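Q: Can you keep this structure in mind? I'll have questions shortly.
Computed from the coordinates by the stated procedures, all read-outs in this text should not be read as laboratory data. In this text, all values refer to a predicted model and were calculated from it rather than measured experimentally. We place every Cβ from the backbone using ideal geometry, glycine too, and count neighbours over all the protein chains shown.
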Amino acid sequence: MVLSDGATDPALVDAAIHALDQIGAQAESVFVDDQSSNEENAEPTMPDIVVNLLDGYSDAAETLVSHNARVLSVVAHTTGELHGVVPHVGLSRRVKRGLDLLEAGQELHVGDDKGTNLRIGLRGARRWMHDGLVTVPGTVAEWPRGMIGSSPAEETAKGTVVMSPGDIWLPMGWYARSSVALTFEGGRMVRIEGPRSETDAIRAHLASVGSPSAYRLDAVEIGLLWIDRPKRPALFEPGFADSFGVADRYGHVVIATGDYPTVGIACCLRSATVAVDEVAAVRSGRPQGDLAPDVYEQAAHRFPL
């Protein structure tokens, strides 16, 4: 089943139906209208696979889809956004290896040549991964995704995060225009330093969250989604900062405060170095070793079938 509504790009619907046809599935396209989704005689259908093209939550989708379906939500809004994205089992392998690395580690260190120097403890911390695959009935995944992440062990986050021009403030989607330093002690943000034009906006955003947890370091995430493009997005390309998957992009490192799922502030560093127990996992924005795509995954992107 392919779910869409009036805001869905028709080309995405066609692409989803074609993909299901290619794997031998009998595809059914369903146009969702929330105004008519509360009919008492509406009964759930029994699809094995649901491709959800809706932008956000829908009561109608809950009504139509059985609980044991595998649901894949496409987070891109147009086919153009998917240019250069090729599903490959290599991504899933790299994501799982990254999760194993975090599970076995004691300490994670994020640094760069701009002044970032942050350490968090990993023992007993919560970890997660996203690889864009949904293989178990009754589960939901988003595509395209490719990320590993960890919360810090309680009160262990200590050091400085420096946002430099070209880095991205999330969830607002702002590019950093000037250098701003965030200092953490005992797991919490204690100082914000930089030009008043930017620090005032950051403080206002944190205050709008309305919770002291907005200042607590909640997560460090590493993007592993490799997108093969003719050129990297320009530094201030319109729409890039708020397009899908910024945090998943290959080599991006996101440091977020808040209380999941509520985000206080998130810093997306585009050229950081990350080490687990002093072994580099990302160096200057380039995943290393088992986190880097092998020649087979690279070839799949460059010469897709």
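Q: What are the equivalent ellipsoid semi-axes of the stretch 99-228, built from the alpha-carbon gyration tensor (square roots of five times its eigenvalues), in whole angstrom, biggest first?
A: For the stretch 99-228, the ellipsoid semi-axes come out as 27, 19, 15 Å.
Q: A follow-up question, please. Show me, bin by bin at 10 Å from 0, the whole-percent P(r) of the stretch 69-157 based on Cα pairs.
A: 15, 34, 30, 19, 2
Q: Same structure, new question: May I have the extent of the alpha carbons of the chain along their three principal axes, as whole Å values ordered from largest to smallest?
A: Extents along the principal axes: 56, 46, 39 Å.
Q: Further question: Show that you can apply the helix-only estimate: for the chain, add -39,500 (n - 2.57) for every DSSP H stretch of four or more residues, divide by all residues, and state [θ] at 222 nm to the nearest 500.
A: About -5500 deg cm²/dmol.
Q: Dipole of the chain (Lys/Arg Cβ +1, Asp/Glu Cβ -1, origin at the Cα centre): which of S73, I23, A266 lies farthest to the positive side?
A: A266
Q: Only four residue types carry charge here, +1 at the Cβ of Lys and Arg and -1 at the Cβ of Asp and Glu. Report the dipole size of the stretch 150-191 about the Cα centre in Debye, rounded to the nearest 20.
A: In total the dipole reaches around 160 debye.
Q: Place a +1 charge on the Cβ of each Lys and Arg in the chain and a -1 charge on the Cβ of each Asp and Glu, then give the dipole magnitude about the Cα centre in debye, rounded to the nearest 20.
A: 1600 debye
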